[in-house]
Each structure stands twice: as C-alpha cells, then as structure tokens.
Amino acid sequence: MRDDTESVWNLQRANKIALSFATSLDLEEIACLATEGLVKYFNCTFARIWLVEPDGKMLRLVASSGLYTRTDGSFSRIPIGKFKIGRIAQNRVSLLSNNLASESWVKDPEWAIANKLTSFAGYPLATSDKVIGVLAAFSQNPMRQEFLEVLLNLCTSLTVALEIASLHQKEKQNLQAVKSKIILPELSLSDSLAHILVETKLAVLGTERSLDLSQTQVFLQVAERLKTLDCTYCRLIYEADSVSLEAIADTSSLISQSPKEWKQVVFGNLISIASFCGGILEINTEASIQAMRVSLRFPSPVNTADLPLCIQCRLPLLQTGFTQLAYLANLKVCANNGKRHIPLLTDSPSLVSTSDRTIWVNHNNSKIVPSGIKAQIKLSATSSQLREAVETIMQGDSWGLDHYTQEKQMLSQREQEVIGLLAQGLRDRDIAEHLHISDSTVKFHVNNILVKLEAKTRLQALYKLMSTDELELN
C-alpha cells in the first residue's frame with residue numbers, strides 16, 4: 001500500500017512539472033521548467049537537458065538547474081554517441097546508477113565525490129522515429145528504480161511539448177520567409193490579390209474588412225502560387241463568420257507528377273502555415289477536367305470577449321487539449337485571478353469551490369462528481385458543446401447534469417481525509433487519533449465511502465480513486 005501511495009504521489013509531482021510547461025511554446029523555457037521541477041520536487045542536486053541540433057550530429061545543452069545553471073561549459077555540446085549522454089541519445093537506452101563515482105564512464109570521479117553525488121538517471125527524449133534530446137538528473141541521495149517510471153511519464157509529456165514548440169518556431173520562421181514581396185499597405189486585400197493575379201478576373205463578395213497581417217500574408221502567398229498556374233476562376237468571399245478565397249486552376253502542366261507531388265511542389269508548407277494561423281487550406285483535384293480547386297478559409301471571431309473561460313487541469317495533455325478546444329469555440333481563455341464569476345473548467349476536486357461556475361471534466365464517465373459544479377463535460381466533447389456549456393452556466397442554468405448526477409456527491413472533506421490516511425497505510429485506530437474522532441466514526445465514514453464509490457472493500461475503493469486520479473494526496 002505504501003508503494004502504491006508513493007507511486008501516485010510521485011506521478012502527481014511529475015504532473016505538476018508537466019503542467020508548468022504545458023502551455024509554453026518556447027523550447028528553452030520548456031526545458032528550464034522541466035529541470036527546475038526535478039530539482040524542486042524530486043530533490044535532484046542538478047538536472048540538465050540537451051537537445052539534438054538540426055544536423056543530427058551534436059547535442060546542445062539548453063537547460064541546467066540546481067548546482068550548475070550555466071549552459072556554456074565543457075559539456076555544452078556533446079557529439080551523438082560520445083560520453084554517456086551521447087550514447088543515451090544514440091542507443092535510446094535509459095540509465096539509473098546509485099554508485100556514480102565508481103562508474104567507468106565518469107570522466108572525473110573526484111568531482112562526484114567532492115560534490116557528494118551518488119546517483120545519476122538519464123533518459124532519452126524520443127518519438128517513435130527519432131531522438132530529440134536527453135534528460136539527465138544527478139542526486140546526492142539514492143534513486144529508486146521506480147524513478148525511471150516517473151521519468152518515462154515526464155519525458156513523454158516533455159517530448160510532446162518540445163515537438164509542438166519546435167513546430168511552432170519552424171512555422172513562425174517559414175511564415176516570415178514567405179512574406180510576399182508585394183506588400184502594399186495602402187491597398188486592400190482584394191486590390192493586392194488583383195495586383196498579383198493580373199490575368200485572372202477576381203470577384204469580391206460581401207463587405208471587405210481588415211484581417212490580421214499573418215492571415216493577409218497567407219492569402220497573398222496562395223495567390224502567388226496560383227499565379228504560377230493557369231488560374232481561371234477566383235472569388236474572395238466575406239461572410240459574417242469567415243473570410244475565404246476560392247479558385248480553380250489548370251493542372252495540365254503538372255500531368256507528369258502525382259497529385260501528392262505537385263501539391264508539395266506548388267504549395268509546399270502553406271497548408272501547415274495556414275493551419276498555424278487559424279485557417280484551413282484545402283486543395284482538391286478534378287481529374288476528369290485536369291483542374292484543381294483551391295479553398296482558403298479563415299474563421300472570424302464572434303463575441304469572444306463576452307465568454308471568458310479559465311482552464312486548470314491536472315494533466316498537461318488535458319490542459320493543452322481543452323485550451324485548443326476553447327479556441328475553436330471562440331472562447332476567451334483567461335486566468336481566474338480570484339474572480340468567482342468566471343467559469344472554471346477543471347478536473348481537480350480541490351479547485352471546484354474556487355468558482356461559482358465550475359465545469360467538471362469527467363474522465364471516465366464516473367457517476368461520482370463533486371458537489372457544487374454547474375456543468376460536466378466529457379473528454380469527447382466538441383467545441384460547440386463546450387461553448388454551449390459556458391453560455392448555459394453564464395445564464396445561471398446547469399448543463400450536462402441529469403437528476404441522478406445532481407443528487408450524487410463526491411466524497412466530503414472528512415471522507416477525503418479518511419481515505420487519504422487509509423492510502424498511507426494507517427489503521428482505523430491511527431486514523432481516529434489523527435483526526436481526533438472515535439473508531440466508530442471512522443468506520444461510519446468508511447462505510448459512506450464504500451457506498452458512494454460502489455466498492456465492496458476498502459482496497460477496491462482505493463483502487464478506484466487512484467486509477468481515476470480522483471484521490472489527491474497531500
């Protein structure tokens with residue numbers, strides 16, 4: 001039981017570290033938050049992260065926290081395959097040692113002894129097809145084998161965050177690189193498009209309005225691509241909720257290439273750049289007439305400012321996922337800052353009472369939900385459902401709660417305290433002394449817990465709570 005409790009506790013601390021960098025899009029900031037978290041929550045003497053350089057031959061030190069904070073020392077750049085760090089990257093093998101000074105690969109054993117360093121853990125930051133870096137932690141205390149399991153969970157989230165940040169940086173660079181040479185600030189978008197598509201008659205439908213510079217650049221770059229083809233039809237359409245460009249172009253000159261090849265040749269990475277800027281670029285072929293249909297669409301935000309939403313999820317992937325869902329729902333993601341009227345979306349029982357309009361994230365369709373919530377939403381929710389939930393509770397009504405769910409309550413504060421002490425391996429008598437209540441009162445609370453969790457035994461109740469992340473250990 002104590003091993004289970006420690007495992008849950010360590011995983012929760014790893015989740016805290018992952019949450020700290022979940023919303024960052026800066027590679028070095030993400031790495032620094034991870035190493036600082038290892039020093040803070042796992043008592044590492046120092047921790048470091050190296051990332052693979054673009055040429056794939058060297059590792060570059062980007063973060064160092066604890067005893068050493070500089071990133072420009074003798075190990076700032078390490079060749080792949082050299083030293084222990086380089087071999088971890090090359091072989092994708094994790095390592096844990098509790099006898100650091102005696103390891104043959106340690107360059108300076110006296111250094112380890114002088115700094116009382118006994119333990120080392122190294123873990124590759126890897127996707128299914130490549131290694132992007134290495135995480136290393138040093139400690140003056142022995143590390144248990146279970147620490148590698150903690151690193152596995154942390155490094156999985158860390159790798160995803162670093163990959164997203166890397167893609168973000170690349171597409172920002174690409175966006176800067178593809179800025180049109182024909183930028184005429186005094187011209188409207190339709191005038192600029194007409195200037196590029198000289199041979200194509202452009203039709204404009206709707207009332208023209210200004211767009212973000214990044215979106216305008218994507219429109220102009222699509223027009224530049226269409227200019228290289230025989231574009232026979234082009235319309236710029238302004239609607240209440242979107243701005244779009246539709247065009248038809250001749251593909252007979254590309255007949256020797258497959259659709260996949262000429263899409264890449266003609267449009268390159270514009271599809272991903274459009275997506276990064278919040279739009280959708282679609283290219284569909286019409287084989288029967290040797291033509292392609294190009295559609296670029298950017299949605300227009302509608303009343304975003306009047307629907308705020310604070311998102312505080314324990315799992316970093318949920319935090320990122322619901323933030324993206326809120327963006328698609330045209331909601332304004334903001335901090336709560338103690339304002340109880342702002343809707344709060346969370347999966348943390350301890351945060352439910354911090355807002356008068358709490359939306360509960362139901363992980364496993366559990367019948368046990370916190371009391372005081374105004375709505376509950378599933379992981380499969382769509383952006384329209386999320387917006388509907390926020391709109392409903394802002395009007396003072398509940399959403400997604402049936403009669404049974406509204407009556408069913410989560411464990412009370414006292415029941416949480418009792419189950420938490422049970423998880424630490426305490427007996428009823430010990431719990432009674434700790435909480436200053438009688439043994440019979442402890443049994444009364446335990447029986448209530450079993451009923452609410454629909455469990456037959458205490459062990460089953462603990463398992464249900466730990467497996468669904470609904471037991472928060474302090």
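Expressed as a fraction of 2.2 N^0.38 Å, the rule-of-thumb size for a compact globular protein of N residues, what is the C-alpha radius of gyration of the chain? Please list the in-between numbers first.
On the way: Rg = 28.1 Å, N = 474, 2.2 N^0.38 = 22.9 Å.
It is 1.23.
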**Complete:** Ranked output for segments 15-27, 65-77, 272-284 by mean other Cβ atoms within 10 Å, highest leading, reads 15-27, 272-284, 65-77
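List the GluC sites (Glu not before Pro) in region 198-230 that DSSP assigns to loop (not H, G, I, E or B) and whose Cβ has at most 16 other Cβ atoms within 10 Å. Which are they?
Passing both the DSSP loop test and the Cβ count: 199, 208.
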**Complete:** Rh_Kirkwood(region 413-467) over Cα pairs, Å, one decimal, evaluates to 11.0
**Message:** Amide H of residue 133 versus every other amide H placed in the peptide plane: which residues, excluding those fewer than 5 positions away on the same chain, fall under 5 Å?
**Reply:** 52, 125
**Asked** Just going by the charge dipole of the chain, with Lys and Arg at +1 and Asp and Glu at -1 on Cβ, which of 379, 313, 89 is farthest out on the positive end?
**Response** 89
**Message:** I need the Debye-formula profile for region 308-407: one equal scatterer per C-alpha, no solvent, reported as log10 I(q)/I(0) at q = 0.12 1/Å, two decimals.
**Reply:** -0.32
**Asked** What list of ³J(HN,Hα) values in whole Hz, one per residue of region 113-121 in order, does the Karplus curve 6.51 cos²θ - 1.76 cosθ + 1.60 (θ = phi - 60°) give from phi, with Gly and Pro shown as x?
**Response** 5, 4, 9, 6, 8, 10, 10, 9, 9
**Fill in**
The helix 213-227 Cα axis meets the longest alpha-carbon principal axis of the chain at an angle in degrees, between 0 and 90 and rounded to 10, of 50
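If packing is taken as the average number of other Cβ atoms within 10 Å across a peptide's residues, how do 416-427, 145-156 rank, most packed first? It would help to have the intermediate numbers written out before the result.
On the way: 416-427: 18.8, 145-156: 17.2.
Put in order of decreasing packing, that is 416-427, 145-156.
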**Item:** Placed amide H near residue 77: partners under 5 Å, 5+ positions off or other chain
**Value:** 61
**Asked** Any idea what the relative contact order of region 317-404 is, in percent, if you count C-alpha pairs under 8 Å spaced at least 6 apart?
**Response** 24
**Message:** Can you show me the helix-derived [θ] at 222 nm for the chain, built from DSSP H runs with n ≥ 4 at -39,500 (n - 2.57) apiece and divided by the number of residues, rounded to the nearest 500.
**Reply:** -13000 deg cm²/dmol
**Approximate shape of region 189-299 as ellipsoid semi-axes (Cα gyration tensor, √5λ), whole Å, largest first** = 23, 16, 12
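Please report, in whole Å³, the volume per residue of the convex hull around the C-alpha atoms of region 292-362.
Numbers: hull volume 7.7 nm³, N = 71.
In region 292-362, the Cα convex hull volume per residue is 109 Å³.
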**Request:** For region 1-156, just the Cα atoms, rotate onto the principal axes and tell me the three extents in Å, largest first.
**Result:** 45, 39, 27
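No value in this document is a laboratory result; all are computed from the given coordinates. For clarity, every value in this text was computed on a predicted model and none was experimentally measured. Ideal geometry is used to build each Cβ from the backbone, glycine not excepted, and the neighbour counts take in all protein chains shown.
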